[in-house]
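The values are calculated or read from the model by the stated rules, or taken from the named source; none is laboratory data. Nothing here was measured: the structure is a model prediction, and the numbers come from that model. FYI the Cβ positions are ideal-geometry reconstructions off the backbone, even for glycines, and counts take in every protein chain you see. Side chains included, ligands, DNA and RNA excluded: accessible areas come from the protein's heavy atoms. Shrake-Rupley method; radii C 1.70, N 1.55, O 1.52, S 1.80 Å.
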Amino acid sequence: MAKILIAEDERDIRDLVAFTLRFAGHEVIAAANGEEAVDLAPKVNPDLILMDVRMPRMTGYEACKAIKADPALKDIPVVFLSAKGQESEIQQGMDVGAEDYFLKPFAPDQLSDRVKTILAKFGK
């Protein structure tokens, strides 16, 4: 069972992602924005972080950059969830250290499969 931190400001999406991942057997910690994710990450030390790009207080990019700047957290894979699929946005996500980019909307089984693949890649 992996510990997954999700940061998503839209409650419906956050609940759906959390439910999907819990159903797949993972422990899920939810944050409502990037700032909360940055505060929670060192406390919960997750195996994976799923993060929306556009959030209030701190964007996913800013949060990812902050997490990757922490030596204790820098090796945790970060995956962006975004409705915006332009190449420039995806590139920006990869530039701040993201492992992957997952476009909304997605089916729950697609999310579960992708998470499983990424966790396996990191030996989790």
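Observations, loosely collected:
- Filter result for MET55 (part of a loop (DSSP other than H, G, I, E, B) and of a type in the set (A, V, I, L, M, F, W, C)): yes
- The C-beta contact set for the range 92-107 (first residue open to solvent by less than 30 Å² (accessible area, probe 1.4 Å), second residue among the hydroxyl-bearing types (Ser, Thr, Tyr), distance under 9 angstrom, 6+ apart or interchain) comprises GLY93/TYR61; GLY93/SER82; GLY93/TYR101; VAL96/TYR61; ALA98/TYR61; TYR101/SER82; PHE102/SER82.
- Within the span defined as the range 60-68, one or more residues are touching a Phe, Trp or Tyr at 6+ places or on another chain (Cβ under 8 Å), modelled with pLDDT of 95 or more, open to solvent by less than 10 Å² (accessible area, probe 1.4 Å) and among the hydrophobic types (A, V, I, L, M, F, W, C).
- The set of residues in the range 10-26 being open to solvent by less than 60 Å² (accessible area, probe 1.4 Å) and either aromatic (Phe, Trp, Tyr) or modelled with pLDDT of 95 or more (or both) consists of ARG14, VAL17, ALA18, THR20, LEU21, ALA24, GLY25, HIS26.
- Screening the range 58-70 for residues that are touching a residue at least 12 places away in the same chain (Cβ under 8 Å) and not in a helix (DSSP H, G or I) and picking the one that is farthest from the chain's Cα centre (by Cα) gives ASP70.
- Residue count for the range 27-57, restricted to those that are of a type outside the set (Val, Ile, Thr), modelled with pLDDT of 95 or more, farther than 14 Å from VAL79 by Cβ and open to solvent by 20 Å² or more (accessible area, probe 1.4 Å): 10
- If you check LEU111, LEU81 for being part of a strand (DSSP E or B) and of a type in the set (A, V, I, L, M, F, W, C), only one passes: LEU81.
- Here is the figure for the range 115-124: residues that are open to solvent by 80 Å² or more (accessible area, probe 1.4 Å) and under 15 Å from the mean Cα position of the chain (by Cα) total 2.
- Qualifying residues in the range 1-57 (those that are of a type in the set (Asp, Glu) and touching a residue at least 24 places away in the same chain (Cβ under 8 Å)) - the one nearest to LEU119 (Cα to Cα): ASP47
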